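Here's the structure, in structure tokens; my notes come after.
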Amino acid sequence: MDDIDFNILDILKNNSRMTSSEISKMVHLSVPSVSDRIRKLERNGVISSFTVKLGREHMGQNCIVFIFVQIQGSSETSHFRNTIIQSPQVLECHHISGEYDYLLKVAVDQLSQLEDFITNTLKANHNVVRSNTIFILSTLKEE
């Protein structure tokens, strides 16, 4: 990868719907050259997908939290992972090091839905030893 590839990636991170023609004008390359570079970045796994960033507040998901979770024993790992992956409230799930096992990013409309998620999805189905919920007050940067 060279500086032009990094420049193309920055442009696509800001607007993944930008056309190769528009990008070519910005990086001063021909449209076919830009298209070839983007295809190569996809083929090499540098670009894994083109996505849409949602305005969660406009979708009614006004409550975003991070939840640290510690589960008891490795026998619960598979069941926990399957449940979390299928939960529509869970935006992200990370297996982490340290005193907790997982870090979840969860979006809900209101606190009662968060309570329902923690009580009926997270703690009812798994040997959760403990959890710690952190509320997002505002987001300064998110990629």
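Laboratory data are not the source of any read-out in this text; all were calculated from the coordinates shown. The shown structure was predicted, so the numbers you read here are calculated from the model rather than taken from an experiment. Note: ideal-geometry Cβ built from the backbone for every residue, glycine included; neighbour counts use all protein chains shown.
Mean sequence separation of contacting Cα pairs (under 8 Å, at least six apart), scaled by the length of the chain, corresponds to a relative contact order of 24 percent. For Ser112 and Glu57, the FRET efficiency from 1/(1 + (r/R0)^6), where r spans their Cβ atoms and R0 equals 22 Å, is about 0.75.
Candidate cross-link partners of Lys141 among the lysines, defined by an alpha-carbon separation under 19 Å and a same-chain spacing of 8 or more, comprise Lys13, Lys53, Lys105.
Roughly speaking, what is the stretch gain from Arg43 to Thr19, that is 0.36 nm per residue apart minus the C-alpha to C-alpha distance, in nm to one decimal?
Working it through step by step, the gained length comes to 6.8 nm.
For the range 56-135, the spread of Cα coordinates along the three principal axes comes to 39, 23, 18 Å, biggest extent given first.
Springs join every pair of Cα atoms under 10 Å in this Gaussian network model of the chain, and among Thr133, Thr121, Thr51 the largest mean-square fluctuation is at Thr51.
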